[in-house]
Amino acid sequence: MAATQNLSDSDQSSVNDQSASNRSGNRSLRVAEKERRKNEAEDPFVLALKYFSDVEAGTPVLGNDELEKNLVQVEKVAYSQGLPPEAVSIMLEFAMSLRMGTSPCVRVLKCLIPASVVPQEAVVRAVVWLSVGKMPISTQVLFIKWVLTVFDMIDAKDQLRAIYGFIFNFVTDENLCPFICHLLYLLTQKESDGTDCLLFSSQGRQPFLLHLLSLYKVFCPELVTLSIPSRMKSGFRNHISPWQSALIAVQKRNGLQGASSMSLVTNKDKTNPRKRKHCHLEFPALIPALNKEAQSEQSSSRRMVPLVELHSFAQLLENMHRIELPAQMGSLLGSSLALQYLDCVQDESALLRLNFWLGYAFHEEFLFCGDGGPSQTSEEALQFLNKLLSAQHFLQEGFSSSEVFLYKFLNVWDGSLLRPQILGLLSNIPVVPSSQIRRLLFEPLMQLFFTSSLFFKCGLMECLNNMLLKWLTWHSIYALEDDLDISLNSHTSINMTLSGFKDSVMELIHFVGRLASVGLQLEGCHCLLLSFVLDFYETVCDTFLKYGLPLIVMPPAGVFYPALFATDPVSVDRLAYIMHRYKVNLTSAKSQEKVTEQAFHISRQTFREFNHYVVVMVNCLWNSRMFHPGMGVQLGEELLLKSNVPQYGSSFDLVHHPAFMSYAVNFHQKVSHSKPWTWYLEYLFTQGYDGLKHFVQSNISWQLKADDGQVDAQQR
């Protein structure tokens with residue numbers, strides 16, 4: 001009993017101690033909360049916000065020391081750490097309502113540096129204040145510039161899109177029109193009301209209007225009667241805003257990445273204002289365009305699914321037509337699912353906005369720099385172009401903004417800066433009309449080719465070969481069976497007839513032939529350059545059978561003879577293979593010409609060139625008649641005698657040719673006595689020279705003489 005009584009006393013004591021501890025803890029919390037409220041009440045920034053929230057309309061500005069003190073406090077916080085969302089709402093409402101007139105309005109707008117996000121409700125209320133009509137037009141322009149600068153920091157866009165028509169009314173203002181068009185371009189979706197675009201008929205053909213119309217034409221083609229050019233210069237200018245450098249500094253200080261749709265820039269060097277850091281070249285993260293609250297409100301009506309919430313291709317297929325595009329279009333390039341969405345749905349509005357983002361980045365970082373291009377050691381530029389190339393390889397086509405950029409950049413490029421990436425982009429451009437290809441491509445590339453190193457020449461040859469391969473592949477895929485018209489790809493407005501396509505391909509082949517002929521002379525017929533040249537003509541020789549293009553173009557003499565007289569056997573073997581494939585293509589085309597009406601007509605000049613090359617190769621490699629009359633290479637008899645070369649006619653046959661001399665010596669050492677010619681041929685063929693084997697079998701017929709083992713050869 002005593003033990004029980006002692007236990008009860010102990011429990012009661014423990015409960016009392018715990019109760020006292022709880023009371024002490026609650027007292028500490030109350031003291032801390034009271035202290036926090038006291039500090040907050042004494043915080044100059046909180047007091048300043050309270051002042052701007054409660055100030056009455058008509059309060060004088062001149063001589064108002066309290067206004068100056070509070071405004072300085074807000075500016076101090078804004079430029080050091082940025083304004084929180086509630087502070088942005090209060091200050092924006094104060095500025096746009098003109099409670100104290102227009103004089104403090106500009107100053108307040110310039111210090112609106114958000115620390116994280118911008119409340120959508122505050123922006124909507126500010127837009128409504130524009131209709132009051134009391135604000136100077138310069139201040140209205142400043143406000144729209146601010147909205148464009150922080151557009152991707154606005155926490156949602158649904159309410160802004162709800163007043164789309166209201167915003168559209170400001171297009172009629174001449175001063176606001178360029179900025180309103182840019183804002184509408186960012187807000188436009190398929191569900192947007194496109195009937196307002198009819199008002200553009202009286203607005204002219206300014207670039208900013210055409211860019212917005214190009215987006216409307218995707219959604220409502222029946223309402224846009226104006227013809228939109230397929231290639232337009234940048235419609236929305238880079239309006240340098242007073243928030244850019246301050247916002248970048250705040251975001252870096254807060255550990256955030258820049259999220260501005262205008263891709264904020266900063267001037268690092270005051271003496272060179274055009275020299276920029278690579279702030280445009282960072283691909284943004286794939287974040288939804290709406291916040292979670294807005295998404296939950298929309299789930300019952302639209303049920304849009306942000307791309308960032310999808311993690312597999314199966315999920316993408318299930319929600320293919322309910323995709324909510326991200327806030328920043330550049331983030332599409334960093335997501336494989338986003339690229340699959342672009343490839344499957346072929347959303348032209350997304351491509352338009354993505355091309356605008358890319359075009360702006362290209363213009364600012366590669367064309368608008370003081371040195372004519374990005375820094376030699378720019379890791380950002382390298383990563384940017386590599387990721388862009390990866391996206392283009394995934395989509396199997398380039399972006400129109402890349403094409404426009406290249407046409408400009410080639411005129412200022414030195415041929416070494418980011419060479420692999422630039423040549424990779426160049427190989428992805430679509431077919432260029434023959435009337436423009438010389439000015440856009442050939443002239444700048446020719447200057448670069450003849451003034452650059454051997455390795456650049458090889459890289460350019462590889463690039464042009466890849467370009468031709470893509471052009472021919474596009475033709476083989478998109479050519480219609482019933483007629484000869486083709487569309488280059490599904491994302492371009494350029495249609496080209498078969499004759500126009502053939503003209504462009506022929507121009508490219510002839511251009512490469514001229515480059516290769518002169519380049520081989522300049523580089524002493526270097527075997528590396530010759531290898532890349534032969535790669536190109538391995539593509540050219542099969543244009544008819546492999547790609548279905550009714551076109552056969554022979555290589556120039558400046559390519560044929562350096563390959564025939566090359567000192568390495570691989571080049572001679574590849575030339576033999578190319579000539580064999582030319583014969584197969586010509587024979588097939590000739591046979592179809594006789595039986596079908598749609599087959600193309602092969603010119604006699606093509607047959608003459610081919611026959612001449614075959615005769616030269618047979619006489620040179622087989623018949624030991626190198627310098628006989630009628631051959632491509634002719635030397636005077638006196639000069640040949642002075643050379644003191646015995647049996648000079650056989651200097652380049654398969655035994656004495658510099659490329660095969662080592663094989664002839666090796667064959668002679670392996671056999672103890674004279675063997676038939678065919679044994680030596682079989683020996684060469686076993687060394688892997690299949691091109692030479694095909695050429696001999698398809699172009700030469702011979703009979704073995706029993707008495708001396710010699711061959712009596714005839715051309716087939």
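The values are calculated or read from the model by the stated rules, or taken from the named source; none is laboratory data. Model, not experiment: these values are computed from the prediction. Note: ideal-geometry Cβ built from the backbone for every residue, glycine included; neighbour counts use all protein chains shown. When the accessible area is computed, the model is the full protein with side chains, heavy atoms only, and any ligands, DNA or RNA have been set aside. Shrake-Rupley method; radii C 1.70, N 1.55, O 1.52, S 1.80 Å.
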Being part of a helix (DSSP H, G or I) and within 22 Å of TYR478 (Cβ to Cβ) is the filter here; which residues of the stretch 384-403 pass it? ALA391, GLN392, HIS393, PHE394, LEU395, SER400, SER401, SER402, GLU403
Just one of (1) at pLDDT below 85; (2) touching a strand residue (DSSP E or B) at 6+ places or on another chain (Cβ under 6 Å) trips up GLN120, so point out which. (1)
Residues located in the stretch 76-105, provided they are part of a loop (DSSP other than H, G, I, E, B) and under 40 Å from the mean Cα position of the chain (by Cα): GLY82, PRO84
For the stretch 506-530, enumerate the residues that are under 13 Å from SER571 (Cα atoms) and in contact (Cβ under 8 Å) with a residue 60 or more places away in the chain. HIS526, LEU528, LEU529
Pick from LEU445, LEU417: which is touching a residue at least 24 places away in the same chain (Cβ under 8 Å) and either assigned to a helix (DSSP H, G or I) or touching a Cys at 6+ places or on another chain (Cβ under 6 Å) (or both)? LEU445
Restricting to the stretch 420-442, give me the number of residues that are touching a residue at least 24 places away in the same chain (Cβ under 8 Å), over 15 Å from the mean Cα position of the chain (by Cα) and open to solvent by 70 Å² or more (accessible area, probe 1.4 Å). 1
Would you confirm, using the coordinates I've provided, whether ASN169 is modelled with pLDDT of 80 or more and surrounded by fewer than 20 Cβ atoms within 10 Å (Cβ to Cβ)? yes
Matching entry among ARG625, ARG608, ARG574 (being on the phi < 0 side of the Ramachandran plot and under 36 Å from the mean Cα position of the chain (by Cα)): ARG574
Take the stretch 18-67 and flag every residue that is of a type outside the set (Ser, Thr, Tyr), surrounded by 10 or more Cβ atoms within 10 Å (Cβ to Cβ) and at pLDDT 85 or above. PRO44, PHE45, VAL46, LEU47, ALA48, LEU49, LYS50, PHE52, VAL55, ASN64, GLU66, LEU67
Looking only at the stretch 337-367, which residues are open to solvent by less than 30 Å² (accessible area, probe 1.4 Å), of a type in the set (A, V, I, L, M, F, W, C) and more than 26 Å from GLN315 (Cβ to Cβ)? LEU358, ALA361, PHE362, PHE366
Report whether or not SER493 is more than 23 Å from PHE544 (Cβ to Cβ), open to solvent by 50 Å² or more (accessible area, probe 1.4 Å) and either out of contact with any His (no Cβ under 7 Å at 6 or more places or on another chain) or modelled with pLDDT under 95 (or both). yes
Examine the stretch 391-404 for a residue that is hydrophobic (A, V, I, L, M, F, W, C) and in contact with a Ser or Thr (Cβ under 8 Å, 6 or more places away or on another chain), and state whether such a residue exists. yes
Would you tally the residues in the stretch 106-136 being of a type in the set (Val, Ile, Thr) and under 38 Å from the mean Cα position of the chain (by Cα)? 6
Do we have any residue at all in the stretch 164-174 that's outside any loop (DSSP other than H, G, I, E, B), closer than 22 Å to PRO242 by Cα and in contact with a helix residue (DSSP H, G or I) (Cβ under 8 Å, 6 or more places away or on another chain)? no
If you scan the stretch 144-189, which residues turn out to be over 22 Å from PRO207 (Cα atoms) and either among the hydrophobic types (A, V, I, L, M, F, W, C) or without any contact (Cβ under 8 Å) to a residue 24 or more places away in the chain (or both)? VAL150, MET153, ILE154, ALA156, LEU160, ALA162, ILE163, PHE166
Restricting attention to the stretch 304-328, and to residues there that are part of a helix (DSSP H, G or I) and open to solvent by less than 10 Å² (accessible area, probe 1.4 Å), which single residue is modelled with the lowest pLDDT? LEU307
With the first residue restricted to the stretch 316-340 and required to be within 18 Å of GLY359 (Cα to Cα) and among the acidic types (Asp, Glu), and the second required to be part of a helix (DSSP H, G or I) and at pLDDT 80 or above, Cβ contacts under 8 Å at 6 or more apart or on different chains are none
